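Visitor: Here it is: the structure, laid out below.
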Amino acid sequence: MNLKRNFAAALLAAAAFSSAQAADFDFAGQAVYNTDVVRISFSLAADSAEFKAWTDSWQAGLNFDPVLQLWAKAGNDYSLITEVDDNDQLGPGQGSLDAGIQLLGLSAGQYLLTLSAADNYANGQLLSAGFMLDGSAPIALVDWTQSSSNPNFPDQKGGLWSIKLNSVDQAAVVPEPASWALMGLGLLGLVSLNQRRQRKA
């Protein structure tokens, strides 16, 4: 009897642990340029039976055609697991050019999910190699013509992006270097203003 009770308690504890660890995340924002790359860092505390990430922002050409890349932490870099341009079979609200990644058996560890506009694909197997449009002059999405756009209708000009992640432990959008620079300038301005006030006082 005690053995059955202990086994049942262990099963309940395991179920509670796995449900406490796994969560679904939903991120959205606005891209401005064709060179913009959204980065979402996430972790798995334990091996995942099934991992899913997908976009639902294409909206029949209202917004740009997204591409998803999944990277695994590899030392001081990230190694490419997969890159998917189109897959609209993973979640509600997806359109034909939305992207999606589904993997059975993703190991515990640190990962990075990136979203770029087609055809700004990964340059290689390491994140440090960058993306195909790196170094090119950024073009505002409202002025840019994607290769997948309809030549008879000026679609895919919007900047909305939206990503869903299933069953991960922690996830957060990583600010782009330009955003960090702006935040740094803002902090410097606040420090300078504070020093001036202290001198006057």
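The values are calculated or read from the model by the stated rules, or taken from the named source; none is laboratory data. Please read these numbers as outputs of a predicted model, since none were measured by experiment. Cβ coordinates were reconstructed from backbone atoms using ideal geometry, including for glycine residues, and neighbour counts include every protein chain displayed.
Visitor: What is the one condition in (1) in a strand (DSSP E or B); (2) in contact with a helix residue (DSSP H, G or I) (Cβ under 6 Å, 6 or more places away or on another chain) that Gln69 does not satisfy?
Guide: Only one criterion in (1) in a strand (DSSP E or B); (2) in contact with a helix residue (DSSP H, G or I) (Cβ under 6 Å, 6 or more places away or on another chain) is unmet by Gln69, namely (2).
Visitor: Go through Leu160, Leu113 for me and flag whichever is in contact (Cβ under 8 Å) with a residue 60 or more places away in the chain, within 17 Å of Ser96 (Cα to Cα) and either among the aliphatic types (A, V, I, L, M) or surrounded by fewer than 17 Cβ atoms within 10 Å (Cβ to Cβ) (or both).
Guide: On the way: Leu113 fails: within 17 Å of Ser96 (Cα to Cα).
Exactly one residue qualifies, and that residue is Leu160.
Visitor: Need at least 1 residues that are at pLDDT below 95 and of a type in the set (Ser, Thr, Tyr) per element, so show me which strands (runs of 3 or more DSSP E) inside region 90-201 make the cut, counting only ones lying wholly within it. Break it down stepwise before answering.
Guide: On the way: elements: 100-106, 109-117, 160-168, 170-174.
Correct list: 160-168.
Visitor: Of all residues in region 73-105 being of a type in the set (Gly, Ala, Ser) and in contact (Cβ under 8 Å) with a residue 40 or more places away in the chain, which is surrounded by the fewest Cβ atoms within 10 Å (Cβ to Cβ)? Lay out the reasoning, then the answer.
Guide: Looking only at region 73-105, we keep the residues that are of a type in the set (Gly, Ala, Ser), and these are 74-75, 79, 91, 93, 95-96, 99-100, 105.
Next cut, in contact (Cβ under 8 Å) with a residue 40 or more places away in the chain only: 74, 79, 91, 99-100, 105.
On the way: Ala74: 15, Ser79: 15, Gly91: 15, Ala99: 27, Gly100: 21, Gly105: 9.
Among those that are of a type in the set (Gly, Ala, Ser) and in contact (Cβ under 8 Å) with a residue 40 or more places away in the chain, it is Gly105.
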